Amino acid sequence: MKELVILSGKGGTGKTSLTASFASLAENKVLCDADVDASDLWLILSPKIRKEEEFRSGHIAKINKDKCTECGLCRELCRWDAISEDFVIDEIECEGCGVCYHFCPEKAIDFPEKVCGKWFISDTRFGSMVHARLGIAEENSGKLVALVRQEARKIAEENGFDLIITDGPPGIGCPVISSIGGATAILIVSEPTISGIHDMQRVLQLSDHFNVPAMLCVNKADINPEETEKIISFAQRKKIPILGEIPFDSIFTKAMIQGKNVIEFDKDSIVSKKIKEIWKNAQALIETWAK
């Protein structure tokens, strides 16, 4: 089972647009949107949900007023000042540490697992997709990322597919770490800006740390040729494969408005041809690294 994870180190580089384009080029694959904090691959692929499940993680304390004697021990022990004078727990302030639950002499505090979001298995015009939506201000996105990747792998195994294409989250934090463990390869989508180069370098450090091979493409390459050259020179020094450069083009936005990927919108455009070239190069490397 091979898995390509598309990362960027920051938002707005075109990672999801590229993933959606790959979806129309790849065969025998499952799609996975691991950007659970701000999932937007569905905006292009218009999935039809066929399975929906709650995602539960972490706990939150609840005081049972029928048992509570208002002894005040819970308020004294709570480091987060989450319990009011009338013994009501503020769900936003509560960190779910469980101290009040474990030490309440009357066993008047419940500690249920909380619903943090939902995950979905959907059908798209390019095949099955696993995606998720984390609740507002909820945590444990790394755990949810691991879940959607696991479900994508199950679908691939059940159907005999040999490839998972994962749209990864931005940055280098817990969700990103959770998205690359065990992956065959990472494709970093960079852009020729100072912050874009910096974030690309951070993702490369992460891939080195977890021993996942990385390749690179540059989007909007012509908006700043000098910075593009810096990216290419850096990649060459580090022996990072460069799959290609994509010029800036409003076709990305036009296609998105139509609910299409770039290749669907105009398969003969320069951008589409560049993306096809990048996909061909990526396939070759994935096959090599999977052996």
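The values are calculated or read from the model by the stated rules, or taken from the named source; none is laboratory data. None of these values were measured; they are calculated from a predicted model. No Cβ is skipped: glycine too gets one built from the backbone with ideal geometry, and neighbour counts run over all protein chains shown.
What's the total number of residues in the range 236-278 that are in contact (Cβ under 8 Å) with a residue 12 or more places away in the chain and hydroxyl-bearing (S, T, Y)?
Matching residues across the range 236-278 total 2.
Of a type in the set (K, R), in the same structural domain as F126 (by TED's automatic domain parsing) and more than 24 Å from the chain's Cα centre (by Cα): which single residue out of K280, K260, K273 fits that description? Break it down into steps so the answer makes sense when it comes.
Values: K280 fails: more than 24 Å from the chain's Cα centre (by Cα); K260 fails: more than 24 Å from the chain's Cα centre (by Cα).
From the options K280, K260, K273, the qualifying one is K273.
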(request) Could you check I232 against (1) β-branched (V, I, T); (2) surrounded by 19 or more Cβ atoms within 10 Å (Cβ to Cβ); (3) assigned to a helix (DSSP H, G or I) and say which number it fails? (result) (2)
(request) Please enumerate the residues belonging to the range 157-182 that are surrounded by fewer than 22 Cβ atoms within 10 Å (Cβ to Cβ) and of a type in the set (A, V, I, L, M, F, W, C). (result) F161, L163, I172, C174, I177
(message) Looking only at residues that are at pLDDT 95 or above and among the basic types (K, R) in the range 261-285, which one is nearest to M215 (Cα to Cα)?
(response) K280
(request) Collect the residues in the range 128-145 that are surrounded by 18 or more Cβ atoms within 10 Å (Cβ to Cβ) and aliphatic (A, V, I, L, M), keeping them in residue-number order. (result) M129, V130, A132, L134, L144, V145
